[in-house]
1. Principal axis extents for region B:46-203, Cα atoms only, whole Å, descending order, please.
2. For a quick check: sort A:Leu197, B:Leu93 by the number of other beta carbons within 10 angstrom, fewest at the front.
3. Report the percentage of all Cα-Cα pairs in region B:129-180 whose separation exceeds 12 Å, rounded to a whole percent.
4. Give the span of the protein assembly as shown's Cα atoms along each principal axis, as three whole-Å numbers ordered largest to smallest.
5. Aspartates and glutamates within cross-link reach of A:Lys9: Cα-Cα under 15 Å, excluding same-chain residues under 8 positions apart?
6. What ranking do B:Glu5, B:Glu52 get, fewest neighbouring Cβ atoms within 10 angstrom at the top?
7. Sort out for me the Cα centre separation of region B:91-132 from region A:74-143, rounded to whole Å.
8. Given Cα pairs under 8 Å that are at least 6 residues apart, what percent is the relative contact order of region A:48-203?
Number of protein chains: 2
Amino acid sequence: MKPHEIEQKSFAIIDEEAGDHGYPADHWPIVRRMIHTTADFEYIQDTRIHPEAVTAGIGAIRSGSAIFTDTNMARVGIRQNQLEPFGGQVHCLMADERIARLAADKGITRAKAAVDAVADQLDNGIYVVGNAPTALLRLIELIRQGRTRPALVVGLPVGFVNAAESKAELLHLDTPYITNVGRKGGSNVAAAVVNALIVQARSDG
Amino acid sequence: MKPHEIEQKSFAIIDEEAGDHGYPADHWPIVRRMIHTTADFEYIQDTRIHPEAVTAGIGAIRSGSAIFTDTNMARVGIRQNQLEPFGGQVHCLMADERIARLAADKGITRAKAAVDAVADQLDNGIYVVGNAPTALLRLIELIRQGRTRPALVVGLPVGFVNAAESKAELLHLDTPYITNVGRKGGSNVAAAVVNALIVQARSDG
């Protein structure tokens, strides 16, 4: 089997085992790809998708808006080559020297400093958090202050310290989000969400 | 809290919730980091570590042997900067033009072609599979034929088509392995395993 055939067969298995999951037709490809990446069906129960998230995400991708992420794993996991027809690029500033200096000067995490550094470049863009609750909490703070206006926040930090809490905060925003409840998540899951949106951006309409 | 403090607090939470997990002292840091990366405690039940895997992995890292992986996500997830004192490097050939041609010529996956391409450079190295069962199955075949002799195989492909089956095959090898039973796994989990070994290589003895 070729990779594309393996993917199709995997999706068919997930569809069958998921049964009557209750997701609308434009949300299920996202959740299905989260399961495909993790083999974890808990994402059926735990995922939360803002009603305007898919439209906003597809719109941002098609307009070639920037995608920022808090991990290089998510950056390389997002299918950059499939973004190229739209002109979009994926950026991660975590290994950037200036961010390291900014974080050290302010006594904050690099993930948080990276959010500050791109806040004014984020209009109509997508911010993807796969690791750091500090990044997501800072992003939420800046959105509430009206200092940044992303089209979509993919908020999927994983872990035991503030991950669940940061994602619970995200649910209170009017800004479109794709997130989950609880501790699970990660760069692989966050990249899978963006890749699902890219597939929809390329195939719809 | 600083990132290192967040990690320590996370490990303490995992220790407490895991309770009496039954892993020996040199295996638990590996399983704990798999849980840290996924927030998924199923890895306590599902992980399988060959009795010589930790010694072999630490030895390979300390001797500066090459680490090969089937995904760029695992490559960037492995802490390359912490390998540098030992001289080791992490390689992923999936985006290599020659591998793409080799795969097309032979009608095989790039993941499988990448295993073939490095088989004779793998002595005392580590092969890390985070995605492709075809890579793991080919690696097992070459090991059985005596055509490659890695120090350690980290076999953690995720998914619904042949992932569980390929990992079940790995359990029959004499070659040291770190793997799990079932469908779960992924580049993030595979990178976490290598990072746990790097931490041990830097701290022990």
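1. Principal-axis extents of region B:46-203 (Cα, largest first): 44, 33, 29 Å.
2. With the sparsest Cβ surroundings first, the list reads B:Leu93, A:Leu197.
3. Details: 741 of 1326 pairs.
Across region B:129-180, Cα pairs with separations above 12 Å total 56 percent.
4. Taking the Cα atoms of the protein assembly as shown, the three principal extents are 61, 47, 39 Å.
5. By straight Cα distance, A:Lys9 reaches A:Glu17.
6. On the way: B:Glu5 10, B:Glu52 15.
Fewest-to-most ranking of B:Glu5, B:Glu52: B:Glu5, B:Glu52.
7. Centre-to-centre distance over Cα atoms comes out at 31 Å.
8. 29 percent
Laboratory data are not the source of any read-out in this text; all were calculated from the coordinates shown. Since the structure is predicted, the reported quantities are computational estimates derived from the model, not experimental observations. Backbone-built Cβ (ideal geometry, glycine too); neighbour counts: all protein chains shown.
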